[in-house]
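In what follows, a structure is listed as structure tokens, so that the remarks can point back to it.
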Amino acid sequence: MAQPVLSSVKRTTSIADDNHWLETGQRASSKKMESFPPPSSVTLTSLPTEEEAHPITFSWQGVDVFTKPLGVTGWRCFRRRGVEVAPPPAEVHILKNVTGVCRPGELLAIMGASGAGKTTLLNVLTHRNSEKLRITGDLFVNGRRVDPDTLTSRSAYVQQDDLFIGYLTVREQLIFQLGLNGSEHTRIGTPGQDRRLSGGEIKRLSFACEVLTNPSLLFCDEPTSGLDSFMAQNVVSMMKGMAERGKTVLSTIHQPSSEVFAMFDRVLFLAEGRVAFLGSCDEALRFFGKLGMNCPAQYNPADYFICQLSIEPGRQETCRYRIHSVCDTFELNDLGKAVLEDVNANQRLQNHEDEVYGHQREDKSPYKSPWWKQFHWVLWRSWLQTIREPRLIGVRFLQGLAMSVILGLMYNRKGSYVDVMSINGSLFVLVGNMTFQNMSLVIHTFCTNKELFLRENHNGMYRPDVYFLSKNIVEAPVFTLYAIMYTSIFYFLAGFPHDRDHYLVCVGTSILLAWCSVSFGYFLSCLAPNLSVAVLVMAPFLLLMRLLSGFFINLRSIPLFMKIISYLSWFTYGNEVLLINQWAGVTNITCSPTATRCYPNGAAILEQLGFSEDDFVVDLASLGCLIVGYRVVAYTIFHLRTMRSKPRG
């Protein structure tokens, strides 16, 4: 007998035993939560859920999906005598009049050969990844048309790619134990770096995360991909167990074993974008048998039927003729008519006491918990991720310590001479280091988690403002402490005045500069579609900001349009504040023998740079405005991109 992956969980082929953890979780999820305790005290009885799950009958009728062929840049609509007509031809017909239904207590498996339309159908049913598709047809839930927000709030989606925050443990990801007792304190790990859970454990964790809110409708996208036969059977057993508890479960599946195939309540075979069969496994054997496609003994029925519905190289026309014959036969068969009748019956269902949608449709929310609960838990998770992120804590502070010591010693001044160029250069280096390291870090951390956010947001877990606000609050102390540490070491090693007021101004300005660079990093992260683009556009933006700092060019000599851009540069305000803090009130400067120019006092230095002591407070206020302004713009872009990527009805 194969050894279990998790030693604390008993492994058998029995559905009841194999899903004992799921039963526990579902019992817990039926209890309402009166208050949110601290994460460390969360137990099975305090599982966050808002209401009981209600049975859902999900049906779709006449679904047709078209996509643009390669080379077509957009859809065009024509008008003839004031009436809109269909787009021009030259489009690919992916799904063709697909009709089906899945009832409560039913596990429906969607199967077919590659290119049959399985993933496209699942995307249509879940309102996902359909921006570039033209879709017609109707979707109904308990007699009501489906819209994305309501569907999201009552369903869950286990996607094929497992995305998690690798620095959390299993228990922290779930907030309670859900059958992963042997691994509950194990870090999830990051793919390609430090993956610590097996593929089967990761898949079970995906299911556990989705059933936390006790959904009535569950979608799964090839949940057994990459798993061995034992773990695949285990995962399907979990899905079967959920269906037996009254859930409606739909899943695409790839090459199920004979044992897994027998677990399905009903199967939907797609071929060339059409429905070839929809019914029970026994009905599938009889239906295909009457068509001369008798599954041989000791042969996997799923593999056999998919093979019969595939396009073989060199026999394309013959295979397509066979496929269309099967699809046409099913439509005219009693099984096909029964499916259509079930779909029509679901559409006719009108329950004015419908608890799935409630009476006040205008008050519906796609999110499964109130704002404050979302904020509470996202803030907690963001904090755990931040303190366990090695790049943000360990490596980050070690790098800052090394750089501050090296640069501080490099600019260390000895003797009674004053080297104006070196002092000004060291202050500009301070501004630059507060920018580059903070900005690059926030771009990497924010962009790498963006895909996970979009998935969880689409699943109705939390709002974009909750995520954005939590990230800002959690990361602020880290960037602040880094600025204090770096500036303090650099300030005293470089030999700046050992005066409390000058030191506090320098540290305070560094904190503001760090926050400005972080704000601009958020702006670039939200503006760019991915990490690569964000890093690519960061360099030219920062080059422009540095050139307009007043260090390389006198701001009084630049054109008007460039001066307007300089108002958006924190380099300008930060450099001016630090130079004023350094040179204001300084008299009787003793120049270095190697100096190319000697200044009598600090006022002359500021005058030569085009700076004024009167702008000190204005500069500090401008830094504060940039911090707020860049984050407001960043969140606006972030919110708009999130709304654009959300499924639409």
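The values are calculated or read from the model by the stated rules, or taken from the named source; none is laboratory data. Keep in mind that this is a model prediction, so the values were computed, not measured. Every residue, glycine as well, gets a Cβ built from its backbone with ideal geometry; the counts of neighbours run over all protein chains shown. All accessible areas refer to the heavy atoms of the entire protein, side chains included, with ligands and DNA or RNA removed. Shrake-Rupley method; radii C 1.70, N 1.55, O 1.52, S 1.80 Å.
Per the conditions (1) in a helix (DSSP H, G or I); (2) in contact with an Asp or Glu (Cβ under 6 Å, 6 or more places away or on another chain), the sole criterion not satisfied by LEU578 is (2).
GLY610 - would you say it is under 17 Å from LEU568 (Cβ atoms) and small (Gly, Ala, Ser)?
Details: under 17 Å from LEU568 (Cβ atoms): no; small (Gly, Ala, Ser): yes.
Judged against the criteria, GLY610 is not a match.
Can we say GLY246 is among the small types (Gly, Ala, Ser) and at pLDDT 85 or above?
yes
The set of residues in region 469-522 being in contact with a His (Cβ under 8 Å, 6 or more places away or on another chain) and either part of a helix (DSSP H, G or I) or at pLDDT 95 or above (or both) consists of PHE492 alone. Of all the listed residues (VAL260, VAL343, VAL275), the sole one being under 21 Å from ASP64 (Cα atoms), in a helix (DSSP H, G or I) and out of contact with any Pro (no Cβ under 9 Å at 6 or more places or on another chain) is VAL343. Contact map, region 316-335: first residue open to solvent by less than 70 Å² (accessible area, probe 1.4 Å), second residue of a type outside the set (A, V, I, L, M, F, W, C) and part of a helix (DSSP H, G or I), Cβ cut-off under 6 Å, separation 6 or more or different chains; pairs are PHE330/GLY336. Among the residues making up region 531-572, those that are surrounded by 19 or more Cβ atoms within 10 Å (Cβ to Cβ), closer than 20 Å to ARG631 by Cα and among the hydroxyl-bearing types (Ser, Thr, Tyr) are SER566, SER569, THR572. List the pairs whose first member sits in region 494-514 and is open to solvent by 50 Å² or more (accessible area, probe 1.4 Å), whose second member is of a type in the set (S, T, N, Q), and whose Cβ atoms are under 7 Å apart, counting only residues at least 6 apart or on separate chains? Cβ pairs passing all conditions: HIS502/ASN581.
Residues that are of a type in the set (Lys, Arg), part of a loop (DSSP other than H, G, I, E, B) and either modelled with pLDDT under 80 or over 30 Å from GLY115 (Cα atoms) (or both) occur at least once in region 354-371.
Within region 215-254, the set of residues being farther than 24 Å from MET461 by Cβ, open to solvent by less than 20 Å² (accessible area, probe 1.4 Å) and not in a loop (DSSP other than H, G, I, E, B) comprises MET231, ALA232, ASN234, VAL236, SER237.
Selection of first residues in region 602-613 that are free of Cβ contacts under 8 Å to residues at least 24 places away in the same chain and in a helix (DSSP H, G or I) and of second residues that are open to solvent by less than 10 Å² (accessible area, probe 1.4 Å) and of a type in the set (Phe, Trp, Tyr), restricted to Cβ pairs under 7 Å at least 6 apart or on distinct chains, gives the following pairs, ordered by first then second residue: GLY602/TRP583.
Residues in region 94-105 that are surrounded by 20 or more Cβ atoms within 10 Å (Cβ to Cβ) and either of a type outside the set (A, V, I, L, M, F, W, C) or not in a strand (DSSP E or B) (or both): THR99, GLY100. Report, by residue number, each residue of region 286-303 that is in a helix (DSSP H, G or I), open to solvent by less than 70 Å² (accessible area, probe 1.4 Å) and without any contact (Cβ under 8 Å) to a residue 12 or more places away in the chain. GLY289, the sole residue that qualifies.
Within region 459-475, is even one residue loosely packed, with under 15 Cβ neighbours inside 10 Å and within 24 Å of the chain's Cα centre (by Cα)? Yes, that holds for at least one residue.
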